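Have a look at the structure below before the remarks.
Where a number appears in this text, it was derived from the coordinates with a stated rule and is not lab data. This one's a predicted model, so the numbers in the text were calculated from it and none came from an experiment. Cβ coordinates were reconstructed from backbone atoms using ideal geometry, including for glycine residues, and neighbour counts include every protein chain displayed.
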Amino acid sequence: MKPQFQHQVVTSFALWLDHVILTRGEAFQNVESKLYYQEDERLDSDFLSFASPYKQWVNDSSVDNANIPQSINIDGIEVLKNQSGIQYDYNNGRVLIPNSVATETSNVEASYAVKDFNIYITDQTEEELLIETKFDKNSRFDQEVTNGVKPYDQVVPAIFISYEEGFNQPFAFGGEDITNSEIRCVVFAENSYQLDGVFSILKDLNNKTISNVGFNEHPLNEFGDLKNGIYSYKDLSYKYYNEKNRTSILHVDSVNVSKINDKIAKKSHPGLFIGFVDFTLHCYRFPRQDLYEPQPRSSDGTYIPIAPFQLSIDNYSPQENIEIDTEIQIDYSFYHLNNAEHNAEGYNIYRQEDSQDYILVNTIDASITQENEAIKIESQDLVTGCGKQFTYKITAFNELGEIESINPKSINIRFEC
């Protein structure tokens, strides 16, 4: 069976919800930890699993300040992402390493961002979630850790998303309907602060719009790794959001939040705080016509570029007795996945001095790379002044638009004049 409209709704909603919580609530923590070897009967014998103490890892590069892992350390050697056939399982908070690269006794370490709330799409009812299901608790607070979290198990704190019901309501002549979709989110939090924070974020989403990105744009593959090496919800949403095509937009008509009684919560899941968030989504569509996966905004078959990523700037130590007009060289580098599908013509480099507006300081031509292969771009900038902060951001552009990099990077220049 090919994907249906309900599949599109659930996928689009889940990706949007995850992005909103991570960005509005900054609901993640950057962590550096050891990864522990664990046996996994479901895993191909060619791979070894090394798990972190947490799941899930953040994989959305458009979340400011989130540490999206770009490498791991194996026995003291840094191995970059997409090298040696290593797979990053973001859902299970682990890496899958070919047994030709590591052994069960290898010392593996990684730096990553872990979500405050795991996101799961489920067909379980709230009764099953509350009464029949037992969850592993994966505290984000300080704890002594001696092994990795088990794979595949559902771990709280978490938000469980389920499609409750839907119906079509006639809207206009020619067969156009309003498709109503009722989605329920069951929230399991560690404390009342967490639960109230999620409620505050989600209830303010009334009248927001969501891009229908389709079912096939889900970013993860069968290993839990990124299909295209990098994923940015901001780029994905921009790619499919088309005000001229109402079927590309899901409208949040209403949001209702409610808490479960503490006595009931303590009996079923001691130590957890539980609540419900109910969304009603509207979409204007022609349900009796053939259903197709959403199409990007471009009508000529070309695509807007995807964002550059992993912008780094060399650190500079303070220097004394520098003339105020002395030029200081800033070295920067970034990566970009510039395949034929998301072809960028070039990159713009912008610099902000203190709190002034960004100005364009350099433009670099882009070249097409092989599929799923990112290239490193390096360049320099010259600045003058002392006691200032300079912030840089990188964009990729083509004739269809300009996409910003994951987030600006700053460097403080503190020179005595």
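Can you sort Glu222, Glu41, Glu399, Glu190 so the residue with the fewest Cβ neighbours within 10 Å comes first?
On the way: Glu222 7, Glu41 4, Glu399 10, Glu190 19.
Lowest to highest Cβ neighbour count: Glu41, Glu222, Glu399, Glu190.
About the Cα centre of the chain, how large is the charge dipole given +1 on each Lys and Arg Cβ and -1 on each Asp and Glu Cβ? Please answer in debye to the nearest 20. Working shown, then result.
Values: 33 positive and 64 negative charges, 236 e Å.
The calculated dipole for the chain is roughly 1140 debye.
Computed over the chain with a Gaussian network model linking Cα atoms closer than 10 Å, the most mobile of Val383, Val155, Val187 is Val383.
Look at the alpha carbon pairs under 8 Å that are at least 6 residues apart: their mean separation over the length of region 309-413 gives a relative contact order of 34 percent. Largest GNM mean-square fluctuation across Arg184, Arg94, Arg285, computed for the chain with C-alpha springs under 10 Å, falls on Arg285.
Diffusion coefficient of region 309-413 by Stokes-Einstein, Kirkwood radius over Cα pairs, 4 °C, 1.567 mPa s: 88 µm²/s. Based on Cα contacts under 8 Å between residues 6+ apart, the chain shows a relative contact order of 14 percent.
Extension gain, Tyr358 to Asp314: 0.36 nm times the residue separation minus the Cα-Cα distance gives 13.9 nm.
Think of the chain as having a plus end and a minus end, set by charges on the Cβ of Lys, Arg, Asp and Glu; of Thr179, Ile74, Gln295, Thr179 sits farthest toward the positive end of this dipole.
Would you look at the GNM of the chain, springs on alpha carbons closer than 10 Å, and say which of Ala110, Ala344, Ala51 moves the most? Checking each option, the largest mean-square fluctuation is seen for Ala110.
Multiplying the residue separation of Tyr152 and Asp196 by 0.36 nm and removing their Cα-Cα distance gives an extension gain of 13.1 nm. Dividing the summed helix terms, -39500 (n - 2.57) for each DSSP H run of n ≥ 4, by the number of residues in the chain produces a 222 nm estimate of -3500 deg cm²/dmol to the nearest 500. Extending 7 Å from Cα along the Cβ direction at Asn107 and again at Asp44 yields two label points whose distance is 3.0 nm.
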